[in-house]
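Heads up: the structure comes next, in structure tokens.
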Amino acid sequence: MKKGERTKQHIIEKSAELFNRQGYSGSSMNDIIAATGIKKGGLYRHFGSKEEIALEGFDYAAGIVGSAFTRAVEQEESASGRLLAFFKVYEDVVHHPPFPGGCPLQNTAVECDDTNPELRQRAYRSMTGALDWMKRIIQEGIHSGEFGRDVDADSLASFALSLLEGGIMLSKLEGDNRHMRMNTATFSSYLRQFCSRQ
């Protein structure tokens, strides 16, 4: 990687952490300068605006979390295990989230819902990607006979992601992972009682 590419990547990585902790609106160009150690002129050599940095920063943060999900999912053999793997990634969201500041999807979606259409669209794509991934896992479970054929993959995926994001929000707000533990246990029980045919 060339020096310019390394500098650009450094800006993206540091800014992604900053935005995920402080939010887009709560982070100024001076904050980015402080976080990256790069002067304003250096930032503008690589990006045309704060929004451009935020968009690439979101993609970077979402990619880190996506890679953590992939590693966790690949360790599981059953469809139920693969769905629960998403929850395992955030089991210690209070102290050790997969990306500093918590869930980039949640943080961006909440802040930018009515204020930044471009960032909102990135968050929306991230959400639909997660839902589609979960639906594929559920459909594989139906095909293998692990789940009953009457299982609605769309509804179950929505339920899973809602439990995951809700557990993240409540745990971070309270400063205690108990909400993630409870939601994981609830979802695990739900899968056993209503979906498993074994």
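The values are calculated or read from the model by the stated rules, or taken from the named source; none is laboratory data. Just so it is clear, the structure is predicted and the values come from calculations on it, not from any experiment. Reconstructed Cβ throughout: ideal geometry from the backbone, glycine too, with neighbour counts over all protein chains shown. Surface areas here come from the heavy atoms of the whole protein model, side chains and all, with no ligands, DNA or RNA. Shrake-Rupley method; radii C 1.70, N 1.55, O 1.52, S 1.80 Å.
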Residue among Ile138, Gly148, Pro100 farthest towards the positive dipole end of the chain, charges placed on Cβ:
Pro100
On a 1.4 Å probe surface of the protein chains, which of Arg120, Arg6 comes out largest in accessible area, and what is the full order?
Arg6, Arg120
Enter the Cα centre distance for the pair the stretch 110-182 and the stretch 17-66, rounded to the nearest angstrom.
26
Short version: what are the Cα gyration tensor semi-axes of the stretch 58-194, square root of 5 times each eigenvalue, largest first, in whole Å?
24, 17, 14
By Kyte-Doolittle mean hydropathy of at least 0.0 and Cα axial length of at least 24 Å, which whole DSSP H helices of the chain are selected?
50-74, 153-174
Treating only the Cβ of Lys, Arg, Asp and Glu as charged (+1, +1, -1, -1), what charge dipole size does the chain show about its Cα centre? Round to the nearest 20 debye.
640
Could you point to the residue in Phe87, Leu173, Phe159 farthest towards the positive end of the stretch 58-194's charge dipole, with +1 and -1 charges on the Cβ of Lys/Arg and Asp/Glu respectively?
Phe87
Result for the chain: accessible area per residue, probe 1.4 angstrom, in square angstrom, of 54
For Leu173 and Glu51 in one chain, what is 0.36 nm times their gap in residues minus the Cα-Cα distance, to one decimal in nm?
41.2 nm
Label-point gap, in nm, between Arg181 and Glu91 - each point 7 angstrom along Cα→Cβ
1.2
Computed [θ] at 222 nm, deg cm²/dmol, the chain (DSSP H ≥ 4; -39,500 (n - 2.57); rounded to nearest 500):
-24000 deg cm²/dmol
Taking a cut-off of 20 Å between Cα atoms, list the aspartates and glutamates near Lys8, but don't count ones fewer than 8 places away on the same chain.
Glu17, Asp31, Glu51, Glu52, Glu56, Asp59
Arrange the peptides 99-111, 153-165, 34-46 so that the one whose residues have, on average, the most other Cβ atoms within 10 Å appears first.
99-111, 153-165, 34-46
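Mind ranking Lys14, Lys2 by accessible surface for me, highest first, 1.4 Å probe?
From most exposed to least exposed: Lys2, Lys14.
Taking 0.36 nm per intervening residue step and subtracting the Cα-Cα distance, what contour gain separates Ser189 from Gln9 on full extension?
Working: separation 180, 0.36 × 180 = 64.80 nm, distance 4.23 nm.
Length difference between fully extended and current span is 60.6 nm.
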Segment Val110-Asp154, length gained on full extension (0.36 nm per residue, minus Cα span):
13.6 nm
